Amino acid sequence: MTIEQTIPPQAMQKDPCQALRIALLDLHRVLVELERRQYEKQHGRQSSGDFLQVMAYADEMRWLEPLSRLIVMLDEALDGDGDALSAPATVAQRARELLSLDRHSSEPFTTRYLWHFDASAELVPAHSRALAALKVAGTSAPQARI
C-alpha cells in the first residue's frame, strides 16, 4: 500500500500535513509491532495493557520518542492547538533527519531504526511511504550515508 492508496491524491495536495501525519503514524505502528516482537522474544508474551506500560515507561523504548513527538506536533497543528504554519515544516525537517539512514549517527533513534531497517523487510514500505509524504509536503527524500 502506498501513501497514494492511503490518502486520495486531491487530499494529499490539499493537506500535506495530514498525509505526513498518516505516514508517520503508519511508520510508528510498524516500529511498535517490531519492538513488541523483540520484547516478547526476551520477556514472553505480553498483554496489550502490559506492553503499553512497557512502551510508556521502559528506558529501552525511549528511542521512539523523537518520532512520537513529531506525530504529536502534527496532531496539535491539525487540531488548532499548535502552530499550524510552522509545525509541518519543522516536523518535515526533523523527520528527514530521523529517516536519513545515517549509519554514522549515534542518536538512539537512528541506531535502533537502522537495526530494524536492516533486520525487517516490513519496515521498508512504511519508510517509503513516509518519504513519499515528505515529498508531497514539499521536502526531498533524505540521502542515505553509507
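Coordinate-derived values only; no laboratory data. Given the structure is predicted, the values throughout are model-derived calculations rather than measurements. Using ideal geometry, Cβ is built from the backbone for each residue, glycine included, and neighbour counts are taken over all protein chains shown.
Residues TYR113, TYR39, TYR57, ranked from the fewest to the most other C-beta atoms within 10 Å, line up as TYR57, TYR39, TYR113. Phi angles across region 131-137 convert, under the Karplus curve 6.51 cos²θ - 1.76 cosθ + 1.60 with θ = phi - 60°, into 3J(HN,Hα) values of 5, 5, 5, 5, 5, 4, 6 Hz, Gly and Pro given as x. Label sites at ARG94 and TRP115, each approximated as a point 7 angstrom past Cα along Cα to Cβ, lie 2.3 nm apart.
Under 8 Å for C-alpha pairs, at least 6 residues apart: give me the relative contact order for region 13-136, rounded to a whole percent. Relative contact order here is 38 percent. Solvent-free Debye calculation, one equal scatterer per alpha-carbon of region 13-136: log10 I(q)/I(0) at 0.15, 0.19, 0.20 Å⁻¹ equals -0.71, -1.08, -1.17. Rounded to the nearest 20, the Cβ-based charge dipole of region 54-96 about its Cα centre (Lys and Arg +1, Asp and Glu -1) stands at 260 debye.
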